[in-house]
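The next block holds one structure in the form of structure tokens; read it before the comments.
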Amino acid sequence: MLAGEIYSAVDKQLLDELAAAREVIHDYNQLRPSEKERKLELLKGLLGHIGDDKIIINQPFLCDYGKQISVGKRFFANFNFTVLDEAPVTIGDDCFIGPSVSIYTACHSTDPVERNSRQEWARPVTIGNNVWIGGSVTILPGVTIGDNVTIGAGSVVVKDIPSNCIAAGNPCKVVKKITVKSEE
């Protein structure tokens, strides 16, 4: 699965891993907002990598495995963040995710007979540093989003987006190049 090869979505080991992750996600989503230390503890056990202890993922949060998700420093995700992490999902530093954003890595055949066989494959998603993803954005398998990017609300990202731009739409396209100001 992680190598991008065809795999069985009903493989017992994968189903067991999904079930274990869902138990942790259930616990996470049931915590009170004030239970910040416990939330961080559960995220550290679920996700593959966390850049620092300043991570915030508002509940509810949903993912498939969790361990294929890597987030950088000062990561923030708003309510209803969904990640289908059958392949690696790598998110850089200082990224902000709006409400109801979905990231998908799983791919399915458009042929109904093949699809019904439960054979799938997955493609990684990579998001650079200093990225802001507006509410209700969907990011499809295999996409790379560069550094210093803003993705407009409601966009469907089907292709790579280069660094230093604002992109929006369905399909998402660059609408403006930006010049990044240096920090002084």
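Across region 119-148, which residue is modelled with the highest pLDDT among those that are outside any loop (DSSP other than H, G, I, E, B), among the hydrophobic types (A, V, I, L, M, F, W, C) and open to solvent by 50 Å² or more (accessible area, probe 1.4 Å)?
In this case the residue turns out to be TRP132.
Hey, can you tell me all the residues within region 28-73 that are farther than 30 Å from CYS107 by Cα, of a type in the set (Lys, Arg) and surrounded by 13 or more Cβ atoms within 10 Å (Cβ to Cβ)?
ARG38, LYS39
Going residue by residue through region 70-84, is there one that turns out to be in contact with a His (Cβ under 8 Å, 6 or more places away or on another chain) and modelled with pLDDT of 95 or more?
Here is the first cut: in region 70-84, the ones in contact with a His (Cβ under 8 Å, 6 or more places away or on another chain) are 70-71.
With modelled with pLDDT of 95 or more added as a condition, the list becomes 70-71.
Within region 70-84 (the criterion being in contact with a His (Cβ under 8 Å, 6 or more places away or on another chain) and modelled with pLDDT of 95 or more), the answer is yes, since at least one residue qualifies.
Note down all Cβ pairs under 8 Å where the first residue falls in region 12-27 and is at pLDDT 95 or above, the second is part of a helix (DSSP H, G or I), and they're at least six residues apart or on different chains.
That search, which allows pairs on different chains as well, returns ALA21/LEU46; VAL24/LEU42; VAL24/GLY45; VAL24/LEU46; ILE25/LEU46; ASP27/LEU42.
Only residues that are touching a Leu at 6+ places or on another chain (Cβ under 7 Å) and not polar (S, T, N, Q): list them for region 68-85, please.
ILE69, VAL71
For region 59-118, which residues satisfy the criterion of being assigned to a loop (DSSP other than H, G, I, E, B) and of a type in the set (Val, Ile, Thr)? Before you say what the answer is, go through the steps one by one.
In the first step, residues of region 59-118 are kept if they are assigned to a loop (DSSP other than H, G, I, E, B); the result is 59-60, 64-68, 72-75, 78-80, 85-88, 92-95, 98-101, 105, 109-111, 117-118.
Across region 59-118, the qualifying residues are VAL101, THR105, THR110.
Step by step: first the residues of region 1-27, then only those that are among the acidic types (Asp, Glu) and assigned to a helix (DSSP H, G or I), then the one that is most open to solvent (accessible area, probe 1.4 Å). Which residue is that?
GLU23
Per-residue answers, yes or no, for (1) in contact with a strand residue (DSSP E or B) (Cβ under 7 Å, 6 or more places away or on another chain); (2) modelled with pLDDT of 95 or more; (3) more than 30 Å from ASP11 (Cβ to Cβ):
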| position | (1), (2), (3) |
| --- | --- |
| GLN68 | yes, yes, no |
| ASP111 | no, no, no |
| ASN116 | no, no, no |
| ASN164 | yes, yes, yes |
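Of the numbered conditions (1) farther than 24 Å from SER182 by Cβ; (2) open to solvent by less than 10 Å² (accessible area, probe 1.4 Å); (3) more than 15 Å from the chain's Cα centre (by Cα), GLU114 fails exactly one; give the number of that condition.
For GLU114, the failing item is (2).
Is there a residue in region 108-121 that is in contact (Cβ under 8 Å) with a residue 12 or more places away in the chain, farther than 25 Å from ASN58 by Cα and of a type in the set (Asp, Glu)?
yes
Does any residue in region 48-75 that is under 12 Å from TYR28 (Cα atoms) come within less than 6 Å, Cβ to Cβ, of a residue that is of a type in the set (A, V, I, L, M, F, W, C) and in a loop (DSSP other than H, G, I, E, B) six or more places away or on a different chain, and which pairs are these?
Partner pairs satisfying both residue conditions: ASN58/PHE79.
The values are calculated or read from the model by the stated rules, or taken from the named source; none is laboratory data. All values reported here derive from a predicted model rather than from experimental measurement. When we count neighbours, we look across all protein chains shown, and the Cβ atoms used for this are built from the backbone with ideal geometry, even at glycine. To get the accessible areas, we keep the full protein, side chains included, count just its heavy atoms, and leave off ligands, DNA and RNA. Shrake-Rupley method; radii C 1.70, N 1.55, O 1.52, S 1.80 Å.
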